[in-house]
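Got a structure for you, written out below as structure tokens; questions coming shortly.
The values are calculated or read from the model by the stated rules, or taken from the named source; none is laboratory data. Computed from a predicted structure; not experimentally measured. Cβ placement follows ideal geometry from the backbone for every residue including glycine, while neighbour counts extend to all protein chains displayed.
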Amino acid sequence: MIDIPTLIKKLPLRPILIAGCVLMISVFTWYTITRAPRVTHGFVVYYTNARMILEGEDFQKAYDYDYFNAKMREYGIQEIMDVPHNLPTNALLLAPLAWLSPEETKVVLSAASYVCILASLFILLRLHGVRIQENLGMALAILFLAWRPLYDNIYLGQIYAILLLLFCFSMLGIKKAGSTVYPLPLSVAFLFKGHGAVPMLWLVVQKNWKTLLVALLSVLIVLLATLPVFGLDAWGAYISTVVSKLGTNPTDAGTSYQTINSLVYHLFTYDPKWLPNPLVILPDFIVRMLSYLLNITLIVYVLVSGHRAYGSARVASYSAAVAAGVVTAPLAEGYAFTLFLPLIVTLVIAISKRFQRIRTIGTVGWISLAAILVLASPIRYEFLPYATFPLVLLAYMKLCAGVAVLCCFGRMARSPYFDQAELRS
């Protein structure tokens, strides 16, 4: 049997970790520089929305597919078609940059994402009292910069690196008892992309009513303040064309969307073009209720698992709520798993501390590490879009790994992975 502690001691661990850090920062920097000017789908929606606001367009028309794509052509985006589906307030993010060309805006957004990613890493390390010079700090930096969703975020011009930093700021507030600052980044994340509903439920379970009130009031104030910019008609168009159909279209069940909702619709809905091989065809109402039930069950499990936690366990509980918001969203592509990083860092540190205490990490620790490697890896899960069950589950490996990590958190929150002094008796 392999003696892992002895094997680790014999390895020249520190030089390996230093070399790994240098390699990964070089690779990530090179990737960002080379991909930054490329205009892609996803980014063009952000840019077009922002440009329409900047030029005083009727934002209600932003949800008209033909009009929206015509505006993209007008703004110099010729070879990409995309579907407008973001919150109206999402347009505020790039509005200060939209006077630039699409390529220039993409470069600025990529640079901002790069800075946000590095800042998030250092905040998370500081949050847990880990120095980058330590072996654990360097190992976490390597894992962080090898995280495939970050690369997808850079390439596609997504804003999840910015959301990651916002959630990291909110976690700093959680660590400081009595702080009421952390709901503000949470509110901004909700206004930009709709992420934050599950963390707000976390506040309910924690009975932190004051913080929840600050978060909700912040959202309400922004909505009212920007109403003259967007107008009620734009919100009506968003609700009628996006919200009412979100997650229920056949295209929403494609394997590019790694969510519980996508998997349920993929298995139980038939469409001759997009879903030709369901496991069983069920009535649409039943499929929708099944999706709701599974999503609610996972959210409740995550929230209840950490509702009595203190210290690092409390931070893990909040970060699990952030991560749960990804897999339980109606739509979430691979780059959205960027928001799993706070939970991943927290769990890896907890596993490391357990190993230092009792020289073993346990079954749940091994399962967690295996799932983390799947999430980090560059697996192209879209390669089996029309496979039959059970082979199609391989196309949802990111989703399965994400759910596994959340379930492992629930088990770890009730065990010695976190210091018992940090758990309420």
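Of the residues 45, 39, which single one is assigned to a helix (DSSP H, G or I) and at negative phi?
On inspection, the qualifying residue turns out to be 45.
Okay, moving on. Just for the range 58-85: of the residues that are charged (D, E, K, R) and out of contact with any Asp or Glu (no Cβ under 9 Å at 6 or more places or on another chain), which one is farthest from residue 330 (Cα to Cα)?
It comes out as 74.
Got at least one residue in the range 81-95 being loosely packed, with under 15 Cβ neighbours inside 10 Å and more than 15 Å from residue 45 (Cα to Cα)?
Within the range 81-95, not a single residue is loosely packed, with under 15 Cβ neighbours inside 10 Å and more than 15 Å from residue 45 (Cα to Cα).
A follow-up question, please. Looking only at residues in the range 188-211 that are touching a residue at least 40 places away in the same chain (Cβ under 8 Å) and either in the same structural domain as residue 325 (by TED's automatic domain parsing) or part of a loop (DSSP other than H, G, I, E, B) (or both), which one is nearest to residue 95 (Cα to Cα)?
Across the range 188-211, the extreme among qualifying residues is 194.
Still on this structure: List, please: which pairs have Cβ atoms under 7 Å, are six or more places apart or on different chains, and start with a residue in the range 295-309 that is more than 24 Å from residue 264 (Cα to Cα) and crowded, with 20+ Cβ neighbours inside 10 Å and end with one that is modelled with pLDDT of 85 or more and of a type outside the set (A, V, I, L, M)?
Filtered contacts from the range 295-309: 305/409; 305/410; 306/317; 309/317.
With respect to residue 111, is the statement that it is surrounded by fewer than 15 Cβ atoms within 10 Å (Cβ to Cβ), at pLDDT 95 or above and small (Gly, Ala, Ser) true?
yes
While we're looking at this one, here's another question. Just give me the residues in the range 114-137 being surrounded by fewer than 17 Cβ atoms within 10 Å (Cβ to Cβ) and among the β-branched types (Val, Ile, Thr), in sequence order.
Listed by number, the residues that qualify are 115, 132.
Just to check your reading of the model, which residue among 115, 130, 107 is in contact with a Pro (Cβ under 9 Å, 6 or more places away or on another chain), farther than 19 Å from residue 375 by Cα and assigned by TED's automatic domain parsing to the domain that holds residue 31?
Exactly one of 115, 130, 107 is in contact with a Pro (Cβ under 9 Å, 6 or more places away or on another chain), farther than 19 Å from residue 375 by Cα and assigned by TED's automatic domain parsing to the domain that holds residue 31, namely 107.
Of 355, 337, which residue is under 30 Å from residue 41 (Cα atoms) and aromatic (Phe, Trp, Tyr)?
So the residue among 355, 337 that is under 30 Å from residue 41 (Cα atoms) and aromatic (Phe, Trp, Tyr) is 337.
Every residue in the range 261-317 that is part of a helix (DSSP H, G or I), under 30 Å from residue 175 (Cβ atoms) and among the aromatic types (Phe, Trp, Tyr), please.
301
Looking at residue 32, is it hydroxyl-bearing (Ser, Thr, Tyr), within 23 Å of residue 194 (Cβ to Cβ) and not in a loop (DSSP other than H, G, I, E, B)?
In short, no.
Continuing with the same structure: Which condition number in (1) farther than 30 Å from residue 242 by Cα; (2) surrounded by 22 or more Cβ atoms within 10 Å (Cβ to Cβ) is the one that residue 359 fails?
Tallying (1) farther than 30 Å from residue 242 by Cα; (2) surrounded by 22 or more Cβ atoms within 10 Å (Cβ to Cβ), residue 359 fails exactly one: (2).
Right, next: How do the pairs read when you match residues in the range 224-241 that are not assigned by TED's automatic domain parsing to the domain that holds residue 50 with residues anywhere that are surrounded by fewer than 15 Cβ atoms within 10 Å (Cβ to Cβ), using Cβ under 6 Å and keeping only pairs 6 or more apart or on different chains?
Every condition considered, no pair remains.
Considering the range 31-70 alone, what residues qualify as being surrounded by fewer than 19 Cβ atoms within 10 Å (Cβ to Cβ), aromatic (Phe, Trp, Tyr) and either outside the structural domain of residue 101 (by TED's automatic domain parsing) or within 20 Å of residue 239 (Cβ to Cβ) (or both)?
Answer for the range 31-70, where residues must be surrounded by fewer than 19 Cβ atoms within 10 Å (Cβ to Cβ), aromatic (Phe, Trp, Tyr) and either outside the structural domain of residue 101 (by TED's automatic domain parsing) or within 20 Å of residue 239 (Cβ to Cβ) (or both): 65, 67.
Now for a different question. Looking at (1) farther than 26 Å from residue 52 by Cα; (2) in contact (Cβ under 8 Å) with a residue 12 or more places away in the chain; (3) under 21 Å from the mean Cα position of the chain (by Cα), can you tell me which one residue 246 breaks?
If we test residue 246 against (1) farther than 26 Å from residue 52 by Cα; (2) in contact (Cβ under 8 Å) with a residue 12 or more places away in the chain; (3) under 21 Å from the mean Cα position of the chain (by Cα), just (1) comes out false.
Find the residue count for the range 98-118, including only residues that are farther than 25 Å from residue 398 by Cα, within 23 Å of the chain's Cα centre (by Cα) and of a type outside the set (Lys, Arg).
7
Which of the residues that make up the range 168-191 are surrounded by fewer than 22 Cβ atoms within 10 Å (Cβ to Cβ), at pLDDT 90 or above and over 16 Å from residue 315 (Cα atoms)?
191
While we're looking at this one, here's another question. Quickly run through the range 85-101 and pick out the residues that are in a loop (DSSP other than H, G, I, E, B) and either among the β-branched types (Val, Ile, Thr) or over 20 Å from residue 188 (Cα atoms) (or both).
Of everything in the range 85-101, those that are in a loop (DSSP other than H, G, I, E, B) and either among the β-branched types (Val, Ile, Thr) or over 20 Å from residue 188 (Cα atoms) (or both) turn out to be 99, 100, 101.
Another question about this same structure. Do we find that residue 140 is surrounded by 23 or more Cβ atoms within 10 Å (Cβ to Cβ), without any contact (Cβ under 8 Å) to a residue 60 or more places away in the chain and more than 14 Å from the chain's Cα centre (by Cα) in this structure?
no
So, one more: Out of curiosity, is residue 14 more than 19 Å from residue 152 (Cβ to Cβ) and either in a helix (DSSP H, G or I) or not aromatic (Phe, Trp, Tyr) (or both)?
yes
Just need a number here: residues in the range 53-76 that are touching a residue at least 60 places away in the same chain (Cβ under 8 Å), of a type in the set (A, V, I, L, M) and either outside any helix (DSSP H, G or I) or closer than 14 Å to residue 102 by Cβ (or both).
0
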